Amino acid sequence: MNTDLLRAQTPACHDLIHFNNAGAALSPQPVNDALFEHLLLEQRIGGYEAGEATLDAQENFYHAFGRLLRCNPREIAYMENATRAWTLMLQAMPLAQGDRIITGQSEYASNYMTLLHLAKTRHIRIDVIPNDNNGQICLQTLRQKLDEDVRLIALTHVPSQSGVIHPAAEVGKLARKHRIFYLLDACQSAGQIDLDVDKIGCDMLTGSGRKYLRGPRGTGFMYVRQSMQDYLELPSVDLHSASWTRKDHFTIRDDARRFENWEHYVAGKIALGVAVDYACDLGMNVIEDRVRILAALLREKLRQLPGVNVYEEGDALSGIVTFNCDSHDASALQKFLRGHRINTSVVRHQINQLDFAQRGLPDINRASVHYYNTEQEIDTFCRCLSVRN
Ligand SMILES: Cc1ncc(COP(=O)(O)O)c(C=O)c1O
């Protein structure tokens, strides 16, 4: 990996240390170029006319994701964000009163709140599988919970509040064995982990563009296995998801685009396709290795600092590093780092009710690295923290 070139294509790298890739990563120049070019074209010739002139670039979005996830482009849909995609899948699942949905202790806040909402409105039951000592979903407990009432397993692959990687493929094997539908939230894993939907064994997978994929804000995607598409019930239809064939009849599209809206962020969709190609051209296995190595280095260096607590456990860890300093509140530390042109984020106790209560954690700090970060940046970051301490 030519880090100098990659950083040259990421102009903000020269001005700051960006360790907030789990929030929104910095987009590389080709992604920004694609975005701005389309916006300028819209300005020059009109929105609909620009849309017609860039059909191939829009179509590329589906092929790029087919390549990233190793699936058929017909199984891909564009979404405005990951939450919208995930919620749509839940709304589309035919669920009856008393059906159970299994999820994990580190499920993303909005996902879990959607489940709570469904429990109230559609009387489904939720089972939360605790994490084991490694911080991963406990497969033994999961196995014990799988019976005929379970309709869906909904798992977050890489949580936003901890550096753990859950064993998505192991969960997929169990889901297949028990013929249970499986929805994977790959919001933090897409773009940092090499994903293969068949190896994982998921039926649906959702994510957003702005995080490790380095796409623009306000973009997302989902994968829906072909065999699953007719089983799901569309919560709504429009001119894009269906054709109005007779006065009192319409026909639903025969691909995953049935879940999309006609109107959408065309520039963002084109640019996200470019971001996915950029990642695939670099090689997802190469990216995965580099992120793992940098995150391991960061954890090691943080552990050497007196008064700093690192919260990651286990062997399967992502680019997300969570920590705090004994002497400083998480928000104050984030502000201090920002003053030194270092971007990090704070993970709030309040939006991680299941996980943080279980682990007895207050608000904590999060530094999330990507392949374009460097060992020198990690040194600078740790030096800055040790001064603060
Ligand atoms: C694991 C996970 N899932 C879902 C989301 C929601 O993504 P979006 O903001 O694109 O809806 C996030 C956002 O941080 C996340 O970390």
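Observations on the model:
- Distance-filtered residues of the stretch 189-233 - backbone nitrogen under 17 Å, label point 7 angstrom along Thr251 Cα→Cβ: 230
- Ordering Gln58, Val158, Gly209 by the projection of their Cα atoms onto the charge dipole of the stretch 29-281, which places +1 on the Cβ of Lys and Arg and -1 on the Cβ of Asp and Glu, puts Val158 at the extreme positive end.
- Gain on full extension, evaluated as 0.36 nm per residue between Ser243 and Arg67 minus their Cα-Cα distance, stands at 60.5 nm.
- Our summary of shape: the Cα atoms of the chain have principal axis extents of 72, 57, 32 Å, ordered from largest down, in whole angstrom.
- Overall, the chain carries a charge dipole of about 700 debye about its Cα centre when +1 sits on the Cβ of Lys and Arg and -1 on the Cβ of Asp and Glu, all other atoms neutral.
- Förster-model FRET efficiency, 51 Å R0, Glu59 and His178, C-beta, rounded to 0.05: 0.85
- J(HN,Hα) series, the stretch 355-366, from Karplus relation 6.51 cos²θ - 1.76 cosθ + 1.60, nearest Hz, glycine and proline x: 6, 6, 5, 4, 8, x, 9, x, 4, 10, 8, 9
- Selected from Asn32, Leu174, Met89, residue furthest toward positive end of dipole (the stretch 29-281; charges at beta carbon): Leu174
- For Asn20, residues with placed amide H under 5 Å, excluding near neighbours: Ser368
- The ranking of Glu288, Glu263, Glu170 by Cβ neighbour count inside 10 Å, starting from the fewest, reads Glu263, Glu170, Glu288.
- Scanning residues 5 or more positions from Val164 or on other chains, those with amide H under 5 Å from its amide H are Ser318, with H placed 1.01 Å from N in the peptide plane.
- Using a Förster distance of 35 Å, the FRET efficiency for Glu170-Glu52 (Cβ separation, nearest 0.05): 0.15
- DSSP bridge analysis restricted to the chain gives an antiparallel fraction near 55%, rounded to the nearest 5.
- Each stretch of four or more DSSP H residues adds -39500 (n - 2.57); spread over every residue of the chain, this sum gives -12500 deg cm²/dmol at 222 nm.
- Greater than 24 Å apart at Cα, pairs in Lys177/Lys199; Lys177/Lys211; Lys120/Lys269; Lys145/Lys173; Lys120/Lys145; Lys269/Lys335: Lys177/Lys211; Lys120/Lys269; Lys269/Lys335
- Placing +1 on the Cβ of every Lys and Arg and -1 on the Cβ of every Asp and Glu, with nothing else charged, gives the stretch 32-135 a dipole about its Cα centre of roughly 600 debye.
- With neighbours defined as other Cβ atoms within 10 Å of a residue's Cβ, the residues Cys187, Cys382 order from fewest to most as Cys382, Cys187.
- As a rough footprinting exposure proxy, the listed residues Trp244, Trp262 were ranked by other beta carbons within 10 Å of their own, and the order from fewest upward is Trp262, Trp244.
- Contact order relative to length of the chain, as percent, for alpha carbon pairs under 8 angstrom and 6 or more apart: 23 percent
- Potential lengthening between His123 and Trp262 on full extension [0.36 nm per residue; Cα-Cα distance subtracted]: 46.9 nm
- Less than 5 angstrom separates the built amide H of Arg214 from those of Ala25, all sequence-distant by 5 or more or on a different chain.
- Between the stretch 110-184 and the stretch 210-231, the alpha-carbon center distance in angstrom: 19 Å
- Here's the picture: charge each Lys and Arg Cβ at +1 and each Asp and Glu Cβ at -1 in the chain, and of Ala256, Ala316, Pro11 the one pushed furthest to the positive end of that dipole is Ala316.
- 3J(HN,Hα) along the stretch 10-22: 10, x, 5, 4, 6, 9, 8, 9, 9, 10, 10, 6, 6 Hz, from the Karplus curve 6.51 cos²θ - 1.76 cosθ + 1.60 with θ = phi - 60°, whole Hz, x for Gly and Pro.
- Assigned charges on the beta-carbon of Lys, Arg, Asp, Glu; the stretch 182-297 dipole about Cα centre (debye): 360 debye
- Pairs of Cα atoms farther than 22 Å apart, the stretch 238-374, %: 59 percent
Throughout, read-outs are computed from the coordinates displayed, never taken from laboratory work. Everything quoted here is computed from the prediction, not taken from an experiment. Cβ sites come from the backbone with ideal geometry, for glycine too, and all protein chains shown count toward neighbours.
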